Amino acid sequence: MDPVDVVIVGSGASGAAAAWRLSRDRSLRIVCLERGGPPDPARYPATRADWEMARHGAASPFPGERADPADYPVDDSASPIAIAHVNAFGGSTLLYSGHVPRFHPSDFRTRTLDGVGEDWPLTHEDLTPYFAENERMMGVAGLVGDPANPDYDSLLPPVPLGPMGRRLGEAFNALGWHWWPSYGAINTRSHGGRAACINLGPCNTGCAQGAKGSVDVTYWPEALRQGVEVRTGCAVVEVLLDGRDRASGVRYIDAEGREQVQTAAVVVLACSGIGTPRLLLHSTSTAFPDGLLNDTGLVGRNLMLHPLGYTEGLFDEDLGSSIGPQGCCLLSQQFYETDPDRGFARGYTMHILRGPPPGETAVTGYLMRRIPLGPDHHRRMAETFNHTAGIAVIAEDLPDPDNRVALDPDHTDAHGMPGVRVTYTLGENTKRMLAHGLDRSKDVFAAAGAKVTAAFAPVRQTGWHLMGTARMGTDPRTSVVNAFGQAHTVPNLFIVDSSVFVTAGAVNPVATAQALTLRMCDHLPDVARRAAA
Amino acid sequence: MTAAALDTLWDAILPGDPARGLPPASQAGVSEVVAAHGLGEDAARLLVRSEAVARERFGTGFDALTPADRVTCVERARRADMRGLTPVLVAALRAYYTDPVVLRAMGAGTVPPFPEGNALNDDDWTLLEPVYERGSIVRPVPKEKGSP
């Protein structure tokens, strides 16, 4: 393969943002290698009448359920939270719900403010212009003026609340608590050459309408126009070093099963919080016998997942609650910041979720013994469907080196490369936080006049947010990369995904990950040039 | 194992409800969808087990039972093999709720493949006035550390 200036590994949220930002310099030759294949919106489950069945196979976000040959094995049996992870052109954004709130300023200073976690080597202010740029590229709906966040410049109109959302907004008002319409990567009007959302609901099976801002329809079309070459079906198995401990490129298996080497002046990793440490740990050499950049033993450690608590409320009235973008309605950040009287540090966001679609309502109701089979089925179903809402408590979990991703030599991918083994335990702080969140969720439903029908934590099938496994910092002894994603020990190797997060915040990480990526890539050419000098 | 026998099974768990405009499972294509998703053998096994429970507990065949007793048999069969038989029951429920007639009758909004969308009324954002009135809750952060 001809040498290139930059090789990007991974085409998901951060890989796409990196490709777009770097390719604005048309003099750079950029190649992106993606182990998965391209999505086909015409075959998304929601184009079929049986979409609620189809979503549990090839459209599942869980590798074990999806059984896609592009995936690598993920053993999460030692974690109460299952890992969701999509290997495809566009990554996990293809199946995410599109919830894209920003981190708060305090998230970058948890050590200074609360004596927990570590401070980041940058601030919220450093990211502010990149948050705004990312929101423009992704197409983010919301409302400016949120008292819980520094102000936004501009957003698309908010996602409609619907009758259920309005009811819960009134409940939050009755309690005197913060709430705000969701920040959703959902086109509420035509934007970026994409159509407006028509409130179909199943965002997390892929949006055939193209209204949801997954990166295959946001960053990538522009990056491709700017000349980035994407090779799908290409599984990178090693980051290569030259004799001077600089990255020289990557070794990969192409779509025809042939081994290839792509040499590059700069290597950018964007394979997710599990894929990036997997690749680093598998890239051993004389200089790094325990894995690339792992001389401090930090690679793969400090995994953070955002444990989630869930409460469901049942209303007497039909509130049409299943209608609208499923994951985006409104949020509350009343309990986001630390209050010592609560008995835990840091906090959580409450996301209001719309009611489930018919099949899921019936199945969940049946398995939880609320909707029987037989003669009484339809009456009970009618009392439940469109009558429910959920509150998801997204808890900030603190970094813990024992929570980690390691190679799993017992389970390998299609090319013989080890999968990953995830070890994760909920900390006491997190447990107290989740219990508090469930209690407050019950308060909300009580104020809304709903009966609580379920409340539990953690919810297993929620491990979408993969953070912290190659964290950034100023001290090479306690971090893997610097504030620009540049590896401390291999100066032309950059990590631009959520692996670099120092703490987890209590909101979905995509917006912050992409803002970080844009900032890193803004500086990357200069940083790389200085390193080469 | 006849198709009619399987229809009896599915109609036992998902009978029609004419008052709500809901057809029985046999008219909603449940057998076909379950089979298309590779669970035909599991469906047959559920019927055999339910039939066995009927004879053991009620001394008669499954199709001779009352609707409520048929459900009892299905549930007892499932409880005896939770891991083996729950998936096919779950699939039958999901299959029933893929039928356009069912979805329209229950007011599920637009039906896949979604030629049209769903309308949601515009919101009145004066609902947020109390949130505005309480003012900012952004936590101040000291700026003593410079950023690179």
Treating only the Cβ atoms of Lys and Arg (+1) and Asp and Glu (-1) as charged, compute the dipole magnitude of chain A about its Cα centre; round to the nearest 20 debye. 600
If you take every residue apart from A:T188 with its C-beta less than 15 Å away from the C-beta of A:T188, what net charge results, scoring Lys and Arg +1 and Asp and Glu -1? +1
I'd like the mean, over residues of B:82-91, of how many other protein chain beta carbons sit within 10 Å of each residue's own Cβ. 2
Anchor B:K143: aspartates and glutamates whose Cα lies under 14 Å away (excluding residues fewer than 8 positions away in-chain): A:D107, A:D119, A:E125, A:D126
Looking at the calculated P(r) for the protein assembly as shown, what percent of the C-alpha pair distances fall above 52 Å? 11
Find the Rg to Rh ratio for the stretch A:184-244, where Rh is the Kirkwood radius over alpha-carbon pairs and Rg uses the same atoms. 1.18
Between A:D410 and A:D2, what is the FRET efficiency for a Förster distance of 41 Å, r being their Cβ-Cβ separation, to the nearest 0.05? 0.60
For A:44-57, mean number of other protein chain Cβ atoms within 10 Å: 5
Over chain B, what is the relative contact order in whole percent, taking alpha-carbon pairs under 8 Å and six or more residues apart? 22
Counting only GluC sites (Glu not before Pro) that are in a DSSP loop and have at most 14 other C-beta atoms within 10 Å, tell me the longest site-free stretch of chain A. A:1-255
Hey, got the average number of other protein chain Cβ atoms within 10 angstrom for residues in B:126-133? 6
Restricting to DSSP H runs of at least four residues, report the calculated mean residue ellipticity at 222 nm for chain A, -39500 (n - 2.57) per run over all residues, nearest 500 deg cm²/dmol. -7500 deg cm²/dmol
In nm, give the distance between the simple-model label positions of B:K143 and A:E229, each being 7 Å from the Cα along the Cα-to-Cβ direction. 4.6
Grab the Cα-Cα distance for A:S190 and A:A446, subtract it from 0.36 nm times how many residues apart they are, and report the gain in nm with one decimal. 88.4 nm
If you take the square roots of the eigenvalues of the alpha-carbon gyration tensor of the stretch B:3-113 and sort them as a ≥ b ≥ c, do you get rounded (a/c under 1.5), prolate (a/b over b/c) or oblate? prolate
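Read-outs throughout are calculated quantities, based only on the coordinates presented, and are distinct from any laboratory measurement. Given the structure is predicted, the values throughout are model-derived calculations rather than measurements. Every residue, glycine among them, receives a Cβ derived from its backbone with ideal geometry; neighbour counts consider all protein chains shown.
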